[in-house]
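The values are calculated or read from the model by the stated rules, or taken from the named source; none is laboratory data. Everything numeric here is computed off the predicted structure, so don't read it as measured data. Because the Cβ atoms are built from the backbone with ideal geometry, glycine has one as well, and the counts that use them run over all protein chains shown. Just so you know, the surface numbers come from the protein's heavy atoms only, side chains and all, with ligands and any DNA or RNA stripped out. Shrake-Rupley method; radii C 1.70, N 1.55, O 1.52, S 1.80 Å.
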Amino acid sequence: MNRLPGLSAGRGKKAMTKGPNKLYAGLALSIVLFLGLGYWLVKPKLPDQPPYLSFSADVDGTKAWKELLGTKQTAVKEWRLDWKYLPSGRSMLLVAIQPSAVTKSDREQLLKWVQAGNDAILFDRDPERWTTWEVIPVEGSAKDNSLSTIRVQPGYTPAEGTLTGRVDTRYRIMPDDGGQVLFEDDRGVLASRVQEGAGSITVVLTPEWMQNGTIDEASHFELVWPLFAKSWDAVWVDETHHGFGTKPGLLAVYPAWLVLASVQLGLALLLWIWLRGKRFGPVHTPRAWTVRRGDEGVHAVAAWYERLGYRHEALAQQQLFLRQLLHQRWGLSPSASPSQAAESAHGRMSEAQAAQLARLLEPPPASGGVSAKAFVQRTREMGEMIAYLEKE
């Protein structure tokens, strides 16, 4: 009997716990359904990019080949400029996979670049526009997705056994004395290499073998990978003729010698400015330009005396100050004559100084008779005499 209340309470607690659990489970299921329905309705679609792009992971892209090539070569980069801007130098490779809108000027620029010591590998199923090779259409070309037996030249690939591939082109390359046949099927040559100057151009009529979805089928990889066995300083993958070309920047438009000369001229100009005393930093205003001087009134009065030609008055003011100083030091009357001042100076200063004191106490010349030189000389002597008496 005592256990019945406890059992009832336990069952009630379990019922209360089961209710919130169902609520949380239903809420979580609703959230999952809501997110799933929203993703299904507004699911983002990847853009359908053109085929043969080296940065495309689609089945018709060539990113897998490019990523693998990047582990074997020093530098593998995209080329998005016109071929006339191909970098100068040697030991570089340009790879063009099924390029479109290749002009005559492009072909001429590529030929010059190759002749300078570089290589080019062209994958093109319709190579009629290339004049380096003579191609012919072949009747009965394989277009039924069947495998063809591929024959390679001795030493071209280490792969053993029968090599096969799916060939989807109606052209074959005419054998030529100047070209080197790389591989062929029973209908003709599929890949050939021609020496141009210090470089070479290789044409391959099976660009579809480079695509992500087909490179590992049949013997496609074994047939195209030996084309890249050589080591180059840089490998450029052409994207210009896939519709991803860009215009060159400002530095790329001008020749390197002009850019270098401009940089040197700019550095020389900065050095000249620095030597001329121009400083690149904060400007400090001198304190004298912002603080009023204590003797500013004296300087202003002196400037007016000089501007108006009051030399006589200025000398009179100096003489008056000298008499006041003699009165303070020696008790000499301000109206004393020069001779009286000279007598008082005996015993206090030398004969020459006493004579100079008497001369300075003489009445100054009239205003018109005081030259600038005489004014300066008398003012200097007056200053020396005043300084001597103030030290006494």
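The listed residues are Gly249, Gly245, Gly266, and the only one of them that is modelled with pLDDT under 75 and among the small types (Gly, Ala, Ser) turns out to be Gly249. Looking only at segment 292-350, filter to residues that are in a loop (DSSP other than H, G, I, E, B) and surrounded by 11 or more Cβ atoms within 10 Å (Cβ to Cβ); which one of those is modelled with the lowest pLDDT? My answer is Gly309. For Arg172, the test of being free of Cβ contacts under 8 Å to residues at least 60 places away in the same chain, part of a strand (DSSP E or B) and crowded, with 18+ Cβ neighbours inside 10 Å is passed. For segment 107-138, the set of residues classified as modelled with pLDDT of 85 or more and in a helix (DSSP H, G or I) consists of Arg107, Glu108, Gln109, Leu110, Leu111, Lys112, Trp113, Val114, Gln115, listed by residue number. Only one entry of Glu184, Glu208 meets the criterion of being open to solvent by less than 60 Å² (accessible area, probe 1.4 Å), in contact with a Ser or Thr (Cβ under 8 Å, 6 or more places away or on another chain) and acidic (Asp, Glu), and that entry is Glu208.
Listed here are the residues, each with its yes/no results for (1) open to solvent by 60 Å² or more (accessible area, probe 1.4 Å); (2) over 30 Å from Pro226 (Cβ atoms); (3) modelled with pLDDT of 60 or more.
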{"residue": "Gly6", "(1), (2), (3)": "no, yes, no"}
{"residue": "Ala15", "(1), (2), (3)": "yes, yes, no"}
{"residue": "Asn21", "(1), (2), (3)": "yes, yes, yes"}
{"residue": "Gly26", "(1), (2), (3)": "no, yes, yes"}
{"residue": "Leu35", "(1), (2), (3)": "yes, yes, yes"}
{"residue": "Pro50", "(1), (2), (3)": "no, no, yes"}
{"residue": "Val59", "(1), (2), (3)": "yes, no, yes"}
{"residue": "Ala64", "(1), (2), (3)": "no, no, yes"}
{"residue": "Lys72", "(1), (2), (3)": "yes, no, yes"}
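Residues in segment 371-390 that are assigned to a helix (DSSP H, G or I) and among the hydroxyl-bearing types (Ser, Thr, Tyr): Thr379, Tyr388. Please go through segment 351-392 and pick out each residue that is farther than 21 Å from Gln324 by Cα and out of contact with any Lys or Arg (no Cβ under 7 Å at 6 or more places or on another chain). Passing the criteria: Glu351, Ala352, Ala366, Gly368, Gly369, Ser371, Ala372, Lys373, Ala374, Val376, Gln377.
Quick one: would you say Tyr52 is touching a residue at least 12 places away in the same chain (Cβ under 8 Å), in contact with a Pro (Cβ under 6 Å, 6 or more places away or on another chain) and not acidic (Asp, Glu)? When the stated conditions are applied, Tyr52 does not pass them. Of all residues in segment 80-92, those that are over 14 Å from Thr103 (Cβ atoms) have Cβ atoms under 6 Å from Cβ atoms of residues that are in a helix (DSSP H, G or I), 6 or more apart or on another chain, in Arg80/Thr240; Leu86/Trp113.
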